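Note sheet for the following structure.
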Amino acid sequence: MSNVQNDSQNQSVNADGGYFYFPDLSWLKDLGQSPAKVYVGLYRNALRATARQLQAQADYLRELSEAEGTQDVFARQSEFAQKAVANWIDEGQRLFALSRESSVTSR
């Protein structure tokens, strides 16, 4: 589907002859850089937290695949669950602290 931009009317024509209208985002310039920095920082830290959680899950699956028997599986599963809850609490506190710091420094 190819789009041909028509800047004068803020719309694009697709291959079927239909129109897509793009909103005028010039009002975003009025917000300044501070909110954008806050959101970028929050997203960056949220992605880092997600990466840490995914790595923990990958490690858990590796350990689970190496389990010797049923008791070992349950022990590893219980250990992972306890670590996961502790990590979620830590990540939540970390993100809250970072968002609070970002909002104070952006003023």
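The values are calculated or read from the model by the stated rules, or taken from the named source; none is laboratory data. Worth saying up front: this structure is predicted, and the values here are computed from it rather than measured. Backbone-built Cβ (ideal geometry, glycine too); neighbour counts: all protein chains shown.
What the table below lists for this structure:
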| quantity | calculated |
| --- | --- |
| The one condition in (1) exposed (fewer than 11 other Cβ atoms within 10 Å of the Cβ); (2) at pLDDT 75 or above; (3) not hydrophobic (A, V, I, L, M, F, W, C) that Asp24 fails to fulfil | (2) |
| Long-range neighbours under 7 Å by Cβ, at least six apart or interchain, first residue farther than 25 Å from Tyr43 by Cα within the range 67-92, second of a type in the set (Ser, Thr, Tyr) and surrounded by 12 or more Cβ atoms within 10 Å (Cβ to Cβ) | Phe80/Tyr60 |
